[in-house]
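Presented below is the structure to which this report refers.
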Amino acid sequence: MAEFTCFFFSFFIFLLLLTFQTSITIATYSGYQDSTKCSHGGPSIHYPFHIKGHSPLHHESLPGFELLCKENLTTIHFPSHGDLVVKSISYDTRKIQLLDPKNCVHGVFLNLNLSSTPFQYYYVLKNYTYLNCSTKLSTPSFTEVPCLSSSSGSHVYTVDPELHVPGSCNGFKTVAIPFKYSPYISDNSLGLALTWNLPHSEETKEAISKTTDSHTTRYTALGLSICSLVAAIALIIIIIIGIIKVSGSTWNCGEKEDPLLQSLPNV
C-alpha cells in the first residue's frame, strides 16, 4: 500500500512540473510578442507599432509607427493633417484601417501627405481635382462634398481632372485618392486604409513577429490542454487513493472482527 501511494505521489509531482514548464514556455512566447491595447475592444498593438511613452521590450522604436491612447481610443498622428483614429490593424496583410474623428474623409484626402511617412494608401489611387465653386452646381457630374462646403458660398466638389470646369469654379488641388465623394458611401464605413513599408533590415523582424504570434496561439492551446489533462488525472488519482484507503480499512476491520466472533461462547 505504501509503495502504491508513493508511486502515484511521484507521478502527480511529475505532472505538476510538466504543467509548470508549459506555463513558462507560454509566458516566454507571449512576452516576446509584447502586444498591448489602448482599450479592451481596441486593436492589438505590437511590432512594428508601439504606444508613445512605452518603449518596446524586444525591438527598437521605429519612426512613424508611434500610436497614442486618447480617451480609450487608439490614434495615430500625421504632421500634415493631425490625429486619426485607428479602427483595426491587420499584420498579415499590412493594413491599418483609420477613421476621421470629424467624419470628413475627403478633408483628410485633401491634406494628408504620406511622402515623409512609412505609409501609403492600401487601395489603387486615381487623380481627382478638388473644385471650389461660388455657386451650387446642379449637374449630375458634380456632387458636392458637404463637410468641405459652407453656407457662405463655398461649394466643394471632387471631379475627374479631364472634366470641363464651369466658370464659377476654380480647381485648387489635384490629388491621387482612392475614390471621389459619393453620398452613397459613408466615410466612416469605408474609412481610410493604409499599408506600410519597412526597411529591408526590419523585414526579417516582422516575419519573426508573425511566426511568434502563431507559436503563441499554439503553445497557449497546448498549455490549456495539458493543464486540463493534469487536473483530470489528479482527480482520478485522488479518487483511486481514497477508494484504496477505504477498502483497506474495511478489510482490516473484517480481520479484527473474526477473532472476536470466534471467542464468543456458543449459545
Mind giving me the FRET efficiency for C147 and S115? R0 is 30 Å, r the Cβ-Cβ distance, nearest 0.05 is fine. 0.75
Inter-probe distance in nm under a simple model that places probes 7 Å from Cα toward Cβ, at H77 and F172: 2.7 nm
Residue separation times 0.36 nm, minus the C-alpha to C-alpha distance between I236 and T36: what's the value? 68.1 nm
For 153-159, 85-91, ranked highest to lowest by mean beta-carbon neighbours within 10 Å, the order is 153-159, 85-91
Check: the stretch 72-132 dipole with +1 on Lys, Arg Cβ and -1 on Asp, Glu Cβ, in debye: 120 debye
Tally Lys/Arg at +1 and Asp/Glu at -1 over every other residue whose Cβ is under 10 Å from the Cβ of P43; what's the total? +2
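No value in this document is a laboratory result; all are computed from the given coordinates. Keep in mind the model is a prediction, meaning the values are calculated, not measured. Ideal geometry is used to build each Cβ from the backbone, glycine not excepted, and the neighbour counts take in all protein chains shown.
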